[in-house]
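Presented below is the structure to which this report refers.
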Amino acid sequence: MAHDPQALPPPMQAWLAHLETHRRYSPHTLAGYRRDLAHLATLAGERPLEQLSNGHIRQFVARLHARDLGPRSLARALAAWRGFYQWWAREAGLPGNPVAGVKAPKAARGLPKALSVEQAQALLERPVAQAATEPVALRDQAMFELLYSSGLRLSELTGLDWRYARSPEHESSSWLNLDEREVVVLGKGGKRRSVPVGAAALAALQAWLQVRARLLGPASGPADAAALFLGERGRRITPRVVQRQLEKVALASGLPVHVHPHVLRHSFASHVLQSAQDLRAVQEMLGHANISTTQVYTRLDFQHLAKVYDQAHPRAGRKS
């Protein structure tokens, strides 16, 4: 399927130039679109682009699928093809968009990965963390306790301020409210929610706040000075630093699974559901717009119950 990107048909090149100059698409997005358009140009072969029909597009999708292109990749390719024809159809005098109505095969929706309660405890109650006194170690413990306690997204965690602040230089969009034992978070879609902070996370946050000022420095601007979590250079912590520190701690804790921040969010949801069985409450705390997104955790909960049943019921798994 090799196709020289520079040899794309002129209309495709023109569309990419339009996206770059008028729509300000990122180089990464443009590179992806270029690859997807190259697929289409190769599949079309000698047939002019203006002569491609809905049937041709469906055949092309089937051929790419047979070559092990996954549902997500196919959906992205279709989006690129659809966008191109939507832009070019009128200029080319086409009766319609040949990609309209063509959908990629559905991707199998896997279960989110979650730690067991025992694994979460091993991560957060490791002896080194309990004896920590250095700012970075106290910061890390507070971050991981808060992720697990409140089910925050990584971006929500790094966007938190240590309290609400408003000045000409900076106004908080998300913040910790220690008095109310909650975090106020601006989540996806600009939706703000309040999430409780558990006792263990609260204690870790208070320990971190006592030493937080030691990481502030000349590089700290107004937004950094307000940030709840700081990097070692005094700037607001970045998502990548959180990921790297959690990977390091999980490895040192001997966990047999790869742990990233979203695993702690999944673990929070799964463990709350196992205990409370309140789907609406979990939806609200996670900030899901649609409860169907939250319902995937009920499948995790069922797996937990089924495992307990298999281990505990005297006749489970036995042939009668």
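The values are calculated or read from the model by the stated rules, or taken from the named source; none is laboratory data. This one's a predicted model, so the numbers in the text were calculated from it and none came from an experiment. When we count neighbours, we look across all protein chains shown, and the Cβ atoms used for this are built from the backbone with ideal geometry, even at glycine.
Within the stretch 31-59, residues that are in a loop (DSSP other than H, G, I, E, B) reach partners that are surrounded by fewer than 19 Cβ atoms within 10 Å (Cβ to Cβ) and among the aliphatic types (A, V, I, L, M) with beta carbons closer than 7 Å, at six or more positions or on different chains, in the pairs L52/A44. Scanning the stretch 63-112 for residues that are among the hydrophobic types (A, V, I, L, M, F, W, C), surrounded by fewer than 15 Cβ atoms within 10 Å (Cβ to Cβ) and modelled with pLDDT under 90 turns up A66, A92, A107, A108, L111.
Take the residues of the stretch 165-183 that are within 21 Å of P239 (Cα to Cα) and out of contact with any Leu (no Cβ under 8 Å at 6 or more places or on another chain): which is surrounded by the most Cβ atoms within 10 Å (Cβ to Cβ)?
So the residue we want is S172.
At least 1 residues being out of contact with any strand residue (DSSP E or B) (no Cβ under 6 Å at 6 or more places or on another chain) and touching a residue at least 60 places away in the same chain (Cβ under 8 Å) is the threshold, and among the helices (runs of 4 or more DSSP H) wholly inside the stretch 161-260 those reaching it are 199-211, 239-252. When the stretch 60-80 is filtered for residues that are farther than 29 Å from R90 by Cβ and either among the polar types (S, T, N, Q) or not in a helix (DSSP H, G or I) (or both), the ones remaining, listed by number, are R67, D68, L69, G70.
Residue-by-condition table, conditions (1) in contact with a helix residue (DSSP H, G or I) (Cβ under 7 Å, 6 or more places away or on another chain); (2) charged (D, E, K, R):
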{"site": "R24", "(1), (2)": "no, yes"}
{"site": "R34", "(1), (2)": "yes, yes"}
{"site": "L40", "(1), (2)": "yes, no"}
{"site": "A66", "(1), (2)": "no, no"}
{"site": "L74", "(1), (2)": "yes, no"}
{"site": "A79", "(1), (2)": "no, no"}
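Filtering the stretch 247-278 to residues that are buried (at least 17 other Cβ atoms within 10 Å of the Cβ) and at pLDDT below 70 leaves only L273. Just one of the listed residues (V184, V197) is in contact with a helix residue (DSSP H, G or I) (Cβ under 9 Å, 6 or more places away or on another chain) and in the same structural domain as V272 (by TED's automatic domain parsing), and it is V197.
Going through (1) more than 27 Å from the chain's Cα centre (by Cα); (2) farther than 18 Å from Q13 by Cβ one by one, G70 falls short only on (1).
The listed residues are Q243, Q295, and the only one of them that is surrounded by fewer than 18 Cβ atoms within 10 Å (Cβ to Cβ), modelled with pLDDT of 65 or more and not small (G, A, S) turns out to be Q243.
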